[in-house]
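Every number in this text was worked out from the coordinates using simple rules, so none of it is lab data. Given the structure is predicted, the values throughout are model-derived calculations rather than measurements. Glycine gets a Cβ as well: all are built from the backbone with ideal geometry, and neighbour counts include every protein chain shown.
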Amino acid sequence: MKIRLLLLISICIIGFMFAGCSKLTDQVLDHNALINNKTDDASEARSVLALSTVSISVDKSTGNKLRTNCTGSSNGLFDAYSTISFDIQSPESIVANGTIKLTVAKSVFNDSSISNLSVEAYLAEGSGLIGQKESQSIIPLEVSVTNGTQFKRLAQQPITLKEWSGPFSNPTTESVTLKLAGDFSYALKQCYKGAIILKLIAQKKPVTCEYIWNEETENAPFSTRREHASVVFDNKLWIIGGDSLPAAKRLNDVWYSSDGKNWTQATPSANWAPRRGHKCVVFDNKIWLLGGFNIVPEFYNDVWYSSDGMNWIQATASANWQPRGAHTATVFNNELWIMGGEVYFMQRVNDVWHSPDGITWTQATASANWQPRTFSQSVVFDNKMWILGGFIYRDAWYSTNGIDWNLATGTAPWQGSTGHSSVVFDNKIWVMGGVDQQGVRQNDVWYSNDGGIWNQLPNAPWQSRWGQAGSVFMDKIWITGGLGTTTTLADVWSMSKICH
């Protein structure tokens, strides 16, 4: 009878999935979290470094005991090994006794950004006695750190078992021994299925970030200018063409810099006509120039490209779109795009065109559902094309195909509705400067995570202006030139994100 009783208990316990010896690697972290349906919803300052499942598999029975032993290497980030015995107290009860040894790798204690480390534990969802109808279906398992004073009851809500306080700078290996206890009621009638999940939690030091402007040069060697173009190409910042006041001199020079401070002239006179209000983009590993105008009514619809900034090749002398200036352009879905602008004095348009090669152009729409406008800005963000402001409008529109446009906001809070700068930086859309509807130049700085809700930074230290060019280069926002309070400018500013 005794042999039969032990056999029945052995079958039941062997059928348990009270998970076993475990070793965690970074490669299986997400998989384990998914299996156990547990996520950490804390902020970025609190993160789960590692997740481990303590496994137990019964391999033999001796007398009135069912014993488990686990062994393994200790090369992981967060290893858990256990030795647990199940003592038969009566036909209705089995008592669990044993330990779990946790080892936290040296690399974790060599991170000066961590202020606190902790180990948390909980029972995986579904842990309990199979077939149990009563409320005590969760195993009554308790855990205590061996140097602790009392046991803690495990449940499906995490509890903290051990903490270390930083800062951590010296590599060390830490081990924690946990003592387990529990009473499996009705052992002869039920089998158990479950798992203990252990988390290694890191609390990062608070990080404060700010955006800092720096004047790279007050007077660059290129002429003062507005309505020029700026691109980043071949690891350099480029400035192309524009209009210099007070002489109203249209320009066709090209300049570049590898640091924003020291500038080199690629050519004093490119073989395209001097112009302002044009657009330049980088596409197919070349700089492309699209349209622009000289003196009204001398508008252009030519397209040029260069692989070095010095030598320019004409892709087409007359693209399908009307000659224009003060338009906007971008690269999206591996095509060139041009939108809006002015095709004759005070005659604004809202058409959209695209081309795979700069030669053949297709009209996406003759009349987008945003109003005709000049001096708007476009960016690519969140896999969409965006058009921001222009003329008297302070709106933001986006499209995934250039045909159908959606309004993100019709009343953005930024004041510079025309001649502003827009870039994508730090995973945000930025709008800076420009001129408002009353003709007042601005130096305000705004950003948005979604194009609909905008946040303002303090005004930039550079002179209020419009017609400046904005770019992102060397992980900074760059502003060059523009029309200031009285005349055009040749200064260069950069804005960095500094975190500490």
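Which length gain, in nm to one decimal place, applies between V424 and V282 when the Cα-Cα distance is subtracted from 0.36 nm times their residue separation? Intermediate values should be presented prior to the final figure.
Numbers: separation 142, 0.36 × 142 = 51.12 nm, distance 1.51 nm.
So the extension gain works out to 49.6 nm.
Residues M474, M385, arranged from fewest to most other Cβ atoms within 10 angstrom of their Cβ, appear as M474, M385.
Among residues other than S244 with Cβ under 15 Å from its Cβ, the summed charge is +3 (Lys and Arg +1, Asp and Glu -1).
Label positions at A155 and I392, each projected 7 Å from the Cα along the C-beta direction, are separated by 6.4 nm.
Sorting 330-340, 221-231 by average packing, meaning the other beta carbons within 10 Å per residue, from highest down gives 221-231, 330-340.
Placing a pseudo-label 7 Å from each Cα along the Cα-to-Cβ vector at T173 and V145 gives an inter-label distance of 2.0 nm. Distant-in-sequence amide contacts of R373, defined by a placed amide H-H separation under 5 Å and a gap of 5 or more residues or a different chain, comprise G341, V349. For the stretch 426-440, backbone phi angles converted through the Karplus equation (6.51, -1.76, 1.60; θ = phi - 60°) give residue-by-residue couplings of 6, 6, 9, 8, 10, 10, 9, x, x, 10, 8, 5, 9, x, 8 Hz, Gly and Pro being listed as x.
Would you mind counting up the charge near F332? Only other residues with Cβ under 13 Å from its Cβ, with Lys and Arg at +1 and Asp and Glu at -1.
Details: positive: K384; negative: E335, D382.
Here the charged neighbours net out to -1.
Across the stretch 357-367, computed HN-Hα scalar couplings (Karplus, 6.51 cos²θ - 1.76 cosθ + 1.60, θ = phi - 60°) run 9, x, 9, 8, 10, 10, 7, 6, 7, 7, 8 Hz from first to last residue, x flagging Gly and Pro.
Residues whose amide H comes within less than 5 Å of that of W164, counting only those at least five positions distant or on another chain, are L117, S118 (H built at 1.01 Å from N in the peptide plane).
Here the Karplus curve 6.51 cos²θ - 1.76 cosθ + 1.60, taken at θ = phi - 60°, turns the phi angles of the stretch 151-162 into couplings of 7, 10, 6, 7, 8, 8, 9, x, 10, 8, 9, 7 Hz, with x standing for Gly and Pro.
For the residue pairs K384/K428; K428/K497; K236/K286; K261/K286; K236/K497, alpha carbon separations beyond 18 Å are given by K261/K286; K236/K497.
Would you mind getting me the FRET efficiency between S258 and N459? Use the beta-carbon distance for r and R0 = 30 Å, nearest 0.05.
On the way: r = 29 Å, r/R0 = 0.98.
About 0.55, to the nearest 0.05.
Over all projection directions, the Cα-based convex hull of the stretch 240-334 averages an area of 6.9 nm².
I need C499, C280 ordered by Cβ neighbour count within 10 Å, fewest first. If you can, show how the numbers build up before the last one.
Numbers: C499 7, C280 25.
By the 10 Å Cβ count, ascending: C499, C280.
Here each label is just a point 7 Å from Cα along the line to Cβ, and for A181 and S165 those points are 2.9 nm apart.
Structure note, pairs K249/K476; K101/K199; K101/K205; K179/K205: Cα-Cα distances above 22 angstrom occur for K249/K476; K101/K205; K179/K205. Summarising the amide proton neighbourhood of Q437: residues at separation of 5 or more, or on other chains, whose placed amide H is nearer than 5 Å comprise S417.
The ranking of D395, D308 by Cβ neighbour count inside 10 Å, starting from the fewest, reads D308, D395. The K106 and A45 beta-carbon pair, evaluated with R₀ = 22 Å, returns a calculated FRET efficiency of approximately 0.45. For the stretch 209-499, just say rounded, prolate or oblate: build the C-alpha gyration tensor, square-root its eigenvalues into a ≥ b ≥ c, call rounded for a/c under 1.5, and beyond that prolate if a/b exceeds b/c, oblate if not. Rounded is the answer for the stretch 209-499, as its axis ratio a/c remains below 1.5. Treating r as the C-beta distance of Y344 and K205 and R0 as 56 Å, the FRET efficiency rounds to 0.40. Classify the stretch 277-397: rounded, prolate or oblate, from the alpha-carbon gyration tensor (a ≥ b ≥ c, eigenvalue square roots; a/c under 1.5 rounded; otherwise prolate if a/b is larger than b/c)? It comes out oblate by the Cα gyration axes. Within the shell defined by Cβ-Cβ distances under 13 Å, the residues around P461 carry a net charge of -4, with Lys and Arg each +1 and Asp and Glu each -1.
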